Every structure is written in C-alpha cells, then in structure tokens.
1. Say the cut-off is 32 Å between C-alpha atoms; which of A:Lys20/A:Lys640; A:Lys129/A:Lys184; A:Lys32/A:Lys207; A:Lys523/A:Lys640 go over it?
2. What lysines could a cross-link reach from A:Lys767, if we take a straight Cα to Cα line under 23 Å and drop same-chain neighbours fewer than 8 places away?
3. Sequence-distant or interchain residues sharing an amide H contact under 5 Å with A:Ile124, placed H: which?
4. Run the numbers for A:Thr287 and A:Arg188: contour at 0.36 nm per residue of separation, minus the present Cα-Cα distance, in nm.
5. Amide H of A:Leu432 versus every other amide H placed in the peptide plane: which residues, excluding those fewer than 5 positions away on the same chain, fall under 5 Å?
6. Excluding residues on the same chain fewer than 8 positions from A:Lys396, give the lysines whose Cα lies under 17 Å from its Cα.
7. Please compute P(r) over all alpha-carbon pairs of chain A, binned at 20 Å starting from zero, and give each bin as a whole-number percent.
8. Suppose every Lys and Arg Cβ carries +1 and every Asp and Glu Cβ carries -1, with no other charges. What dipole size does the stretch A:658-729 come out with about its Cα centre, to the nearest 20 debye?
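Laboratory data are not the source of any read-out in this text; all were calculated from the coordinates shown. Keep in mind the model is a prediction, meaning the values are calculated, not measured. Methodologically, a virtual Cβ is constructed for each residue, glycine included, from the backbone with ideal geometry; neighbour enumeration extends over all protein chains shown.
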Amino acid sequence: MNSRYDFAAIEKKWRAEWEKNPINKEDDKKPKYYCLDMFPYPSGKGLHVGHWRGYVLSDVISRYKVLQGYQVLHPMGWDAFGLPAENYAIKNNVHPEISTKANIENVKRQLHEISAIYDWSREINTTDKSYYKWTQWIFARMYEKGLAYEKEMPLNWCPSCKCVLANEEATNGVCERCGSQVTKKNLRQWMLKITAYAERLLKDLDKLDWPEKVKKMQSDWIGKSYGAEVEFKVKDSDKVITVYTTRPDTLYGATFMVLSPEHKYAKELATNENKKAVEDYCYLASTKSSVDRMSDKEKTGVFTGRYGINPLNGALIPIWISDYVLADYGTGAIMCVPAHDDRDFAFAKKFNLPIVQVIKPEGEEEKELTEAYTGNGIVINSPLFNGMTVAEAKEKAPHILEEKGLGKKTVNYKLRDWVFSRQRYWGEPIPLVHCPHCGTVVVPDNQLPVELPMVESYQPTDTGESPLAAIDSWVNTTCPKCGGPAKRETNTMPQWAGSSWYFLRYTDPHNDKELASKEALKKWAPVDMYVGGVEHAVLHLLYARFYTKFLYDIGVIDFDEPFIRLFNQGMINKDGSKMSKSKGNIVSPDELVKKYGCDSLRMYELFVGPPEVDSEWDDSGIDGVFRYLSRVWKFVYANKDKNLTPTKESEFIKNTMITQITQRLNALSTNTVVSGFMEYTTKMIDLAKEQGGIDKSCIDTLLILLAPFTPHLAEELWSQMGHKGSVFSAKWPEADKSKLVVDEITIPLQINGKFRENIVVDTDCDKETIINKAKEALATRLEGKTIVKEIYVPKKIVNIVIK
RNA sequence: GCCGGUGUGGCGGAAUUGGCAGACGCACGUGACUCAAAAUCACGCGGAGACAAUCCGUGCCGGUUCGAGUCCGGCCACCGGCACCA
C-alpha cells in the first residue's frame, strides 16, 4: 500500500479478511438489534443503483449498531415464489425452480459487491421445502381456528395472469402485477378472515414507529366508520330492510332507498310490473367489470315498485336498485338523503325524486339546494333532533333508535377478507384434501410439506382452475382421516404467504421442529428496523401484521407487531423517471464499483439526497465522493506518524465532529452526515497544515465514524494507524462536552432585521456590553438615526431597530 | 372528488425552538503546476448594480413579528395514496 488510494486492492483484501473473521459475532452479553431489509424477489434483471440505496442504508445502520456494542441480526433471503418466474418458465421452457436458482446466484453475487454484513448462514428461500413446510403449517393452524374458509363470490380476476386477486392487489381496478384491467368472476375460493383483526390492525398502528404516511394508508385501507344500522319496514310485505348509515342524524331527510343489485331482496321485492326491468338491471350489473362499475359516474337504477317506511316519521319512500350501492359493504342497502349526500343528490335529480333538507348551515336561512350540503350545521325538519348540531345529532340518534327498537349503533370497516388462493403453479400448495366422506380435511403436520410436484407443463387455464388440477398423479391421494380416496386442493397460496412471516424464520432458519424456537425468537424478534420501499404499505406490511397477530394469539410468539420501526427509502430516478429496462435508463452498480470502488458508491448512495425522498441519479456526482475519499487517504497517510499532542483546536474539531455526525446519523439524515464528513475533514486538513500535523486521536475518531459508511477504507487506514484488531471492535466515540466550550463567539448584527456585519465577543459577555459593541461597530450606520429598540438573543443575534 | 406530501441557484440539496438563506457536492469559470493534457491545489460562482455602495431574492398574494424558507390566512403548480365504502 502506498500513498495512492488503491480502492480495488483494499476492498479485495478486507472482504477476504471479513470472510475469515466476521466483524459481527453473536455475543449474548450484548443487547440485540434486528435490522432487516425487505427481502428481494430474485429477478433475472439483477440490481441497479436504486436497489443499492436501501441495502446500503440498512448496512450502515447495522454496522453503526455493531460499533455501539450491539449484537446485530442482519440477514438476507429470497422471496422466490411468484408469477414472473413462472411466466418466464412457460415462455422459455425452463422450470421455475431452475431459473429461480440461477437468478438467486446472480443477485447474490451482486449483493456481495455491497459488502454488507449479511449473515449468509441464515439465508432463506420461500420456495425451499423446509421453508414452505412452515408456511403451510401456519395455514393449517388458521384453518383449524376457522380463519380460513371457502366461499363462492364474485372476485377480482386478472385475465392476463389468469388468476384471482386480493383487493389489495387490485386497487384502481388494475392488476398490481401486470397492470391489466381486472374483471369479476364468480368463483369458489379460499379466504382468510383478516377482517377479524381489523380493529387490532387499526388500533395497534399507534404503537409503531412508522412513517405517518404508511400508517395513514393502512388506516384508510381498514376504513373504520361509525354509524348506525336502521330497520325499514316494507309496505305490503313482511320484509325488513336494514341499512347502514354514518348519518343517522339525517334520517328524516331519507326520501328513498337503494339496494345493491346483489342484495338478497333485490329481485324478490319487485312488484309484478317491475319484475322484468329489475331482473334485467341486475343481470346487466353482474356482467359489468369492476372498472366499468367504478368509472361509470352517471347514475343508473331501476324502481322496484315498492315502498319502505321511514321509521321516524312513517313516510313512504320508494325502493330502488342501483349499482352505486356495493353489495359487500355495510348491509348492501342504504337510505338516501339527497339533500346531504352528493351521490344521493345526483340519483334524485336523475330520477326526479324528492329532496328534503334536514341540515342548514349555522346562521343561514333555509334555501333551495343546488347541490348536496354535506357540511356542518343545525338540524331542521326533524322533530326528534331539531336544533341540535350535526355532531350532537350524530351522537344521539343511534341511542334514540336503539331505545325505540328501530336500529342500533354500529361500526363498519372497508377492509375485506383476504382472497388467499391462486390458480397458478409456482406457489405453496394449500395443505388441504377433499374427501367425499369427510369433507375438507387439513393435511396433518407430520405429512407437511405438501410438495409442489415437479412437472413439465403448468400452463394457467381460463377456467379458474389451477394447473395443478390437471396432474392426476398428484391430485389423487388418500384422505388423512379415513384413508379412502380423496383429492388434493389444487390452488396455491399467493406470493404474500411466504413473506408474511419470513422475518421470524431468520431467527432460527434451520429448525425442522418449529417455525423457529422460542429461545431464538426471544433473542432476536421483533424486528427493530425494517428498511424497504413504500409500495408494500397495504400489501406485505398489512399481511405480515395480520400473521404476527395470529401467531401471537396461538402462542407461537410473544409479541404482536412484527416491525417496530419502518423506514421507507426513496426511489432513485434517472432522467426524471423510475429506472426500467424499457426506458433504458438503468444505472448498473457494477461499472461504478469497478471505476470508483464499493466505498465511494456506498457513500454516494447516501449523499445523493435525503434517504426517505426520491432522488435523481447523477453519474458525475460520485466523482465528488471519490475525491473526498482520496483526500482522506492522503491526509491520513501524511499525518499518521506525526503523533502530535492534542491541541485545543484539534479537540474542538474532533468533539464537534462526533456530536454532529452522531446526531445526524441518529436522525438517519445520511446526506448531511456525508457533508459533515467533508466539512470536518477539511477542517482537520487545514489545522494539520497550520500545526504541521495532527494528533492521532483525531484521525482514529474520523476512521471509526467513517467505518459504517466506507468500511474497507476505514479498516485499512485503521490498521495503517497501527491498531491490531478491526475498526469494528472499536467503540463508537462519545463527545467530551467540556471540549466543545469556546471562549469567543461570532454574533451577527442586524439593523431593522437586515444583516449588516459580524462581531466577535467573549462567550460570557453580557447583554449590555454586546449591545454597546454592536452600536460601536454600526456607528456610521446609526449616525443621525433614532434607536427605537435593541434586541439581543443570547449567543444568537443583535437587532437594532431605528427610525 | 377526498386525503397526504413537496415547491429554495444551472443541478442534487443545507439551514435546532422564527435569528447571517444557499452548508456540502456536481457542473462551470479563473489561476498555479505542466512543453501540453489529465490529475491535483488555490480562488470565484443567486439576480440586478459604474460589478462600488446598495437593492432584490426560498411557487404566488396577504398577515403576524424587531426579524419569516420556517408561523397564520387565501391561492397556484407538481407528485403520491384512495376513489360511488352511504
């Protein structure tokens, strides 16, 4: 090694050394820290500099924690089931198991370039039999507890993936995976009762140190609302229609009712002369795709010929059918108050239905409405609620209804149960058997895993049947209960199944008796810091929370939230847009590592912008970081043997550097950490020039602080400084506050709030002296003016107000 | 439509509780070294101005304050989430 910064040689040397002597050893005397990346899907496309960002950040955090004296769990693995592998397999006639294996090798090689302190002995792969055995085991427990059930209903169907989708995968009516428009298909599918956990999933968000944005997305998705169920009798019928409303305060304003086309009474209720029209309408609605149904803002509907009775005033109100009412929310039927709801207003206008105003804005006269009034105000035209504010009436109405036996207070959630089965090959088989005698039978634990058969053809079908259904030798089995002939469940699990609990498996990845031992879980879990993209806000993160709560309830784990802290790193864009192969704007880390070294790229990834914000990639920006590291190298090389005694100046620089870097790193403001390094290093270089050298402790401190960011450089220079062990066996420095005290401070002077000049004063100087000094300094500017006010903010600023 | 976020030089971005706007870096310019170039080092780098004093300047308009990028009110633009959930 010489005075040139030969990153290639340094990085090769230390990578080999760390391989032999890992810097992060388990040591139960130390407190634990579990720092986790969202594990990747092993795509054939490999990694770009955007992927590096999160991995570098989590590695910096992990190494920082090592230096702070923690034993750190920082694992890596593969979320390897899923459609891309399967589609690739179909297209290229390569079995997904083979292409997945090849992709993993490639991505793993790329990950090694980051030099993260992953513990590869804990590597997991969701497609390993020894792993998905436990994915199936969890499903079996859910089935036993009644949380997994089969149901036939209209489901989101992706015609391109030939597969059903969960609600979370079909937002905006578009397939989350491929972007195709989702249609509805009536199918019998396996569901998980995530709605049973709606309240806890909502409430426990409070416990989490997560970005507010993600918590908000989850709570909106769960969508809790408070309201009432109200019963409406039907004239000339014994039927009672229950509606759900969040506005019981407007009950007197209900002038019609609407049932969804799928409502159980929709067709029955129609009078003879309306029957045909109602049936036609319901049929038409059933053929519409969810996209059409959502995007059709123009209201449609049909009258049943029947009337409901308003329970409070006995008014007869017509009952209509319309597809703007959703069958699977609330009761599938609503009371309509056109005066105070936009949708009801539009419907009333279109079909010429009466509008009765029951709320008026406070202090205004009642006047004809040209649009629905949805704001606050005073209740009118409502004998039981007149004069109340909206809030009061909302609160009291449900109680009044309850007393009269007309309804009850209730809550509703937007969250729906999770459609859990998929009609594809490359996923975990659902461990159930259908027996003609015993019905559905769960596969006993000692027969798990139910292995995915190795077959050559697994084309998806249009029928809603899994390709596994065509494999007779696999489908036909014996019933675990009665031993008679039976058939296997042929659907597989969604990709989210394996990722909903993988963070538990890392604690004890080779256990074949349990998904992880109690001791291992106790030692490491839950995850202290979870780093990944925001795109999983209502998918993976919601599912993982649900699984965790379930496993907590059945006593497998003793915590009920998986990720204490979540950090969403921003995307890295190139030329203003997300990197993608089709746009041809992918920046590969491989050449950058070759040209500048791993350390430079690591540091630049963190310097490019605030880590939580999307940033634009600029290739030439990395030059600045590389120059900086070369400067560090030269500086340390030039001064390592001088060994001066510490001076007041050097102590001040060193201790402010420790304070600043630590503070910024704790705030995960990595871009300002890097700028801080540059600033303080320059100060040291200048001081060294001035003093003819610098003391060893300054350099040592700089190297320890740099170590999480540029581990190879720090490690090499650390050994050049004459230290025996690794820089990571050093301790993260603490600032000596007594060295931060200065004798003199610079005070900016303002006149009328405008900066004029600086003065330097003794730190303990009092107000009067400072004001006088300020006036002296500003004498020519103050000449002939009247001083109105003198402001001195201690150690901050002086402002003289003049006229 | 509803909800959230963000607007600061040519660019990425700094700026504790309101207290010197533009740290740090990129790009650019000038100089030193060199036969020359690269690398490196030094200096400059928001706009206007006789490139002096000074004035203007953090999306726009207004307010509070001795003092506003920061707080308040009203807009505008862009990005993200949800979208007939009664």
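1. A:Lys129/A:Lys184; A:Lys523/A:Lys640
2. Within reach: A:Lys754, A:Lys775, A:Lys785, A:Lys789, A:Lys795, A:Lys796, A:Lys803.
3. Placed amide hydrogens put A:Met76, A:Gly77, A:Trp78 under 5 Å from A:Ile124.
4. Here the answer is 33.9 nm.
5. Counting only residues 5 or more places away or on other chains, the set is A:Val443, A:Glu489.
6. Here the lysines satisfying the reach criterion relative to A:Lys396 are A:Lys404, A:Lys408, A:Lys409.
7. Calculated over all Cα pairs of chain A, the distribution is 13, 34, 30, 19, 4, 0 percent.
8. So the dipole magnitude of the stretch A:658-729 works out to roughly 100 debye.
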